[in-house]
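Have a look at the structure below before the remarks.
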Amino acid sequence: MRYLVNSREMKNYDTNTIEQLHVPGMVLMERAALSFAEELKHLSADLSQVLVVCGTGNNGGDGLAIARLLKQMGCLVDAVLVGNRKKSSEQNICQQKIMEAYHYEILDKIPEEKKYSAVIDAVFGVGLSRNIEGDYETLITCMNELPGEKYAVDIASGVSADNGAVLGVAFKADVTITFAYGKVGMYLFPGNEYSGKVIVKEIGIRQESWFGKKPSVAALEDSDLSWMPKRKSHSNKGSFGKLLVIAGSVNMAGAACLCGKAAYATGCGLVRILTPEENRTILQTVLPEAILTTYPEKKPDLSEVIETMKWADAIVLGPGIGKGKAASALVECVIKNASVPVVLDADALNLVAEDNSILLRPHTEIIVTPHLGEMSRLTGDGISYIQTRLLEVAEEFARQYNVICVLKDEHTVTSVPYEQTYLNFSGNNGMATAGSGDVLSGIIGSLLVQGMRPEKAAPLGVFLHGKAGDKIRESTGTYGMLASDLIEGIRQVTVNLNANAGKTIERDRLLLG
């Protein structure tokens, strides 16, 4: 797992490292500058003619140190310091003095006659919270228009470290080399479009700098697939859980099929699908492994639904159920009576949006999985508003209704109320296809019935879903990917887990004789 920080957290960790761990601020700055310069070399950046534009804060101090180090590496470098030098930070002033001691010139403006192979932005750092206007706006626009590769120091000037908002105007980097931790805003829209490739460099601000206050946002990595439920050798289908999938309507059997297949591919022992009678033949044909319980399309027997719910270890509710009276009755019945974790998806969310207060009634854990449109209906906020405040919206909704909120976007946010928030980096745009969300619900439901707590099943399900898409992209590409392809992707991701588990079992057998 890797952690991401906002501006407040980064400032605190920086201060803790300096004041509590006694690492001088100038040491951190020199480490940052050296790691940046070395990374440019590692990237084989064209450093034949470099422009470094620095502000008067500590980010600008980083920039001045980078300019000095690049000069000492033999590069041709123009260092420009913009702003009121009298208001420079203490470390920035120190870097100015070092430049002067080495007889390296610091310019007041960008030379008009030169063409640069690399433009390095060190104007504003992660603490920027106001819009860039006036001369600074003109400066950033000018830097964007210059030829050459664009590199940002710690964060692209104008991108909010907290939510990815563009504060008036922003430097459009090809590469951002950031220090200690990735900043949340670099990965959220639209900030991610200005950050380019993000590279995180270690400079000495580590977990020891947290002093008990860990970052609020984390991202799962491949090593976190170890969270997957363990499979015992002495087992049967009941050992791996029973998932009730309430999905499908007339002419929408596919949603139920995809959800059920995904659940089985992720390791679920038994899947029961509750669906209209009209889907029986289709589902028995395409998913014979599932148990079917059917009901008259217009009037489900709610007493039978409640009885069926008693069988389940978790419930997925919503894919393809429609928004009619029968679907509405199912949603109300499940939310009021469920005693096992429930995943609410698709049409169930649209029906809940008619009266969100229903989410306050249940006596069990609920995971909601809205995409931006569904979230807009749930909150009443516009899609553009939500997309530029993804973390904030997901966290607020999770706390308000005491649910785990999986807000789906390019980088899906999973918010566990008053606990960790996860930002997902697996997946690709080939997954933006009909039925992909049904697969995700099946994955999460499967993890739940295998014994995972909801606060882990939701983020791991999102990560595994994306990994499945990345794996299957190798054979389908992104243009031709179908939601059904993700089922095979799940198998390809988990086959290595199964192989490792098999090796462990065989090793134990040999050791035991």
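The values are calculated or read from the model by the stated rules, or taken from the named source; none is laboratory data. What you see is a predicted model, and the numbers here were worked out from it, not measured in a lab. To get the accessible areas, we keep the full protein, side chains included, count just its heavy atoms, and leave off ligands, DNA and RNA. Shrake-Rupley method; radii C 1.70, N 1.55, O 1.52, S 1.80 Å.
Which pairs in the list Lys11/Lys456; Lys232/Lys467; Lys213/Lys471; Lys310/Lys471; Lys230/Lys310 are over 31 Å apart, alpha-carbon to alpha-carbon?
Too far apart for the 31 Å limit: Lys213/Lys471; Lys310/Lys471.
So for the chain, averaging the separation of alpha carbon pairs under 8 Å that are six or more residues apart and normalising by length, what relative contact order in percent results?
12 percent
In whole percent, how big is the carbon plus sulfur part of the accessible area of the chain, probe 1.4 Å, protein atoms only?
49 percent
Can you pull the accessible area of Ser239 for me, 1.4 Å probe, Å² to the nearest 10?
Its accessible surface works out to 60 Å², give or take rounding.
Heavy atoms only, 1.4 Å probe, whole protein assembly: order Lys11, Lys214, Lys201 by accessible area, highest first.
The most accessible residue leads, giving Lys11, Lys214, Lys201.
Of the beta bridges DSSP finds with both residues in the chain, what % are antiparallel, to the nearest 5?
That works out to approximately 15 percent antiparallel.
Kindly express, to the nearest 10 degrees and within the range 0 to 90, the angle between helix 134-145's C-alpha long axis and the longest C-alpha principal axis of the chain.
80 degrees
Give the angle, between 0 and 90 degrees and rounded to the nearest 10, that separates the Cα long axis of helix 25-42 from the longest principal axis of the Cα atoms of the chain.
The answer is roughly 80 degrees.
Straight-line reach from Lys114: which aspartates and glutamates fall under 19 Å, measuring Cα to Cα and dropping same-chain residues less than 8 apart?
Within reach: Asp46, Asp78, Glu105, Glu145, Glu149.
Ordering Asp162, Asp485 by how much accessible area each has at a 1.4 Å probe, largest first, what is the list?
Ranked from most to least accessible, the order is Asp162, Asp485.
What do you reckon, how do Val198, Val495, Val159 stack up by accessible area (1.4 Å probe), largest on top?
Ranked list, largest accessible area first: Val495, Val198, Val159.
Restricting to the range 359-465, compute how many DSSP beta bridges are antiparallel as a %, nearest 5.
Within the range 359-465, antiparallel bridges account for around 65 percent of the total.
Does anyone have the angle between helix 454-476 and the longest principal axis of the chain? Alpha-carbon axes, 0 to 90°, nearest 10?
That works out to roughly 80 degrees.
Rolling a 1.4 angstrom probe over the protein heavy atoms, how many square angstrom per residue are accessible across the range 225-355?
Spelled out: the 1.4 Å probe surface of the range 225-355, per residue, equals 43 Å².
In whole angstrom, note down how far apart the Cα centers of the range 57-120 and the range 393-435 are.
Cα centres, the range 57-120 to the range 393-435: 41 Å.
In whole Å, what is the distance between the alpha-carbon centres of the range 302-354 and the range 250-275?
Going from one Cα centre to the other spans 15 Å.
When the helix-only estimate is applied to the chain (DSSP H runs of n ≥ 4, each -39,500 (n - 2.57), divided by the residue count), what is the mean residue ellipticity at 222 nm, nearest 500 deg cm²/dmol?
Calculated from helices alone, the mean residue ellipticity at 222 nm is -13000 deg cm²/dmol.
For the cross-link pairs Lys237/Lys336; Lys172/Lys214; Lys197/Lys408, which exceed 26 Å when the distance is taken from alpha carbon to alpha carbon?
Pairs exceeding the cut-off: Lys237/Lys336; Lys172/Lys214.
Antiparallel DSSP bridges in the range 324-416: what percent, to the nearest 5?
The antiparallel fraction comes to roughly 35 percent.
Which of these values of log10 I(q)/I(0) by the Debye sum over Cα atoms at q = 0.06, 0.08, 0.10 Å⁻¹ was calculated from the structure shown: [x] -0.52, -0.68, -0.86; [y] -0.35, -0.59, -0.83; [z] -0.27, -0.49, -0.80?
[y]
Using the heavy atoms of the protein chains and a 1.4 angstrom probe, tell me the accessible area per residue for the range 96-153 in square angstrom.
59 Å²
Provide the per-residue ³J(HN,Hα) series for the range 201-206, in order, calculated from phi with Karplus coefficients 6.51, -1.76, 1.60 and θ = phi - 60°, each as a whole number of Hz, with x at glycine and proline positions.
10, 6, 10, x, 9, 10
Apply the Karplus curve 6.51 cos²θ - 1.76 cosθ + 1.60, θ = phi - 60°, to the phi angles in the range 389-397 and return the couplings in whole Hz, x for Gly and Pro.
9, 4, 5, 4, 5, 5, 5, 5, 5
Under 13 Å Cα-Cα from Lys242, which aspartates and glutamates qualify once same-chain neighbours fewer than 8 residues away are excluded?
Straight-distance partners of Lys242: Glu289, Asp313.
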